[in-house]
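What follows is one structure encoded as structure tokens, with my remarks underneath.
The values are calculated or read from the model by the stated rules, or taken from the named source; none is laboratory data. Keep in mind that what you see is a predicted model, and the values were worked out from it rather than measured. Using ideal geometry, Cβ is built from the backbone for each residue, glycine included, and neighbour counts are taken over all protein chains shown.
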Amino acid sequence: MGTGRGDRQPSPQREPRGGGGSQAGDGGSLLDPAETEKLVAAAQSDVDALRAEFLFAPPVRLHKPLAALLEDSRDLPILFLYLNVLLTTVPAAVALFCFFPTATRPLPHWLGAAYLVANCVAYLGRFMLSLHYSQHRRLFRRGLGALNFVAPVLYAPIFGVPSGMYYLHHCLMHHCGNNCAAHDASSTEHYQRDSFPAFLLYWLRFAVGGWVEVPARCVQYRRWGLLAGSLVAEAACFGATAAAWKLNPRATIWVLLLPYLITSLALMFGNWSQHIFVDPTHPHDSYRLTYNCAGVHDNRLSYNDGYHILHHLNGRLHWSEMPGRMVATLEQHAAHDALCFVGIHFFQVGAAVMTGKYAYLLRHLSRYSAKLAAMDDAQLTQMLRARLVPLNA
């Protein structure tokens, strides 16, 4: 389906090269020079990477007019991904409903399963991160505001996200709450974060309780317009699902219900992994409630999502600027005991923690600060374990 590397968009950001050497060499620096250079090189590899957030690009002659539709032309990869979905997933989902009437030719479950697997493999991660960044920063320019609702309202349900709910749950609740359990229902603070039963409880709270907790947070923040919007979105979701079930139950299972199950599990394991290491002494410091992942292939599929510290410090920072911003602020990272990994991404970190593979984590942990470089493996393991314990309410 893809058209090869020639269609990929080069990252528009070219900032990190050379940034680490001067930092590490300054007198009184908190950085370890050799390890900092490795981390800077990893960030540079993310800058130099060809973008892979979409499967195929429109003809080159259309790039300029398409870019003119956007608030920021650097977000063309997001638009390309949305066009991919429009040309592939949307017609496939419609076909499952329309071409297999229940009464005369019910949808074969093998075909529904093939659709689900293909859509998840090709698009699920790409779509979720495209939705993520286009909710933090408006995608289409002023005058085309209605187009900004296409992905969160029309596309989202076929990827397991209730219409209109992503912004409320992620931008309003998670980022405003900043993983603080008193304000963020998706907070990891109160869980033992290397425990599989604890993760299952965390996921079930989201999958079942999220329908109540999102409106409750709107009330907590006294955002009455958003409260009304959340209630309308939930009513529309249940109504549309009921109508779809009446039309074609089998297609509803494969196009709407199972994607919700899969996506809720993936989203919650992603958030669990991103906020798995929380410093109990400073749990609400954005440098200490998550970590960065640099120099990993997933960053070119996810708009540099690995730079999660930067994202929590400023949710509106453009994704292309994140590697450079990390390099420019490594002294601050070191001062706040921030963690950075090289060559692995959040899901790999989360899986390693859940299976106790600390030697694997330490191989990828950047010891970019003088403090980290001075610690042996036993001390580093102890430090990581200390960041997994639940925080009392």
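Note on region 275-293: residues that are more than 15 Å from the chain's Cα centre (by Cα) and aliphatic (A, V, I, L, M) total 2. Evaluating R142 against the criteria (1) modelled with pLDDT of 95 or more; (2) surrounded by fewer than 16 Cβ atoms within 10 Å (Cβ to Cβ); (3) not small (G, A, S) leaves one unmet condition, (1). If I ask for residues that are under 26 Å from A198 (Cα atoms), touching a Leu at 6+ places or on another chain (Cβ under 7 Å) and assigned to a helix (DSSP H, G or I), which ones from region 358-380 would you list? Passing the criteria: Y358, L361, L362, L380. Being within 12 Å of A43 (Cα to Cα), touching a helix residue (DSSP H, G or I) at 6+ places or on another chain (Cβ under 8 Å) and of a type outside the set (G, A, S) is a property that does not hold for Y303.
Conditions (1) at pLDDT below 95; (2) closer than 30 Å to D337 by Cβ, marked per residue:
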site: P10; (1), (2): yes, no
site: K38; (1), (2): no, yes
site: D46; (1), (2): no, yes
site: E53; (1), (2): no, no
site: K64; (1), (2): no, no
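Within region 179-216, being surrounded by 19 or more Cβ atoms within 10 Å (Cβ to Cβ) and of a type in the set (S, T, N, Q) holds for N179, S186, S187, T188.
In region 169-261, counting only helices (runs of 4 or more DSSP H) that sit wholly within it, the ones holding 2 or more residues that are out of contact with any Cys (no Cβ under 7 Å at 6 or more places or on another chain) and at pLDDT below 90 span 210-220, 224-247. The condition of being touching a Lys or Arg at 6+ places or on another chain (Cβ under 6 Å) and surrounded by fewer than 20 Cβ atoms within 10 Å (Cβ to Cβ) does not hold for E53. Restricting the first member to region 32-46 and to residues that are under 8 Å from G295 (Cβ atoms) and in the same structural domain as Y307 (by TED's automatic domain parsing), and the second to residues that are buried (at least 24 other Cβ atoms within 10 Å of the Cβ) and at pLDDT below 95, the beta-carbon pairs closer than 6 Å and six or more apart or on different chains are A43/P16.
A single entry from A151, A122 fulfils the requirement of being at pLDDT 95 or above and under 26 Å from A216 (Cβ atoms): A151. Looking at E321, E331, just one residue is surrounded by 18 or more Cβ atoms within 10 Å (Cβ to Cβ) and acidic (D, E), and that residue is E321. The one condition from (1) buried (at least 20 other Cβ atoms within 10 Å of the Cβ); (2) under 17 Å from the mean Cα position of the chain (by Cα); (3) over 29 Å from V121 (Cβ atoms) that C176 does not meet is (1).
Suppose we keep only residues that are of a type in the set (G, A, S) and either out of contact with any Asp or Glu (no Cβ under 9 Å at 6 or more places or on another chain) or modelled with pLDDT of 95 or more (or both) within region 373-393. Which one would you say is farthest from I276 (Cα to Cα)? Among those that are of a type in the set (G, A, S) and either out of contact with any Asp or Glu (no Cβ under 9 Å at 6 or more places or on another chain) or modelled with pLDDT of 95 or more (or both), it is A374. What residue, among those in region 333-352 that are assigned to a helix (DSSP H, G or I) and over 19 Å from the mean Cα position of the chain (by Cα), is nearest to W272 (Cα to Cα)? Ranking the candidates gives H333 first.
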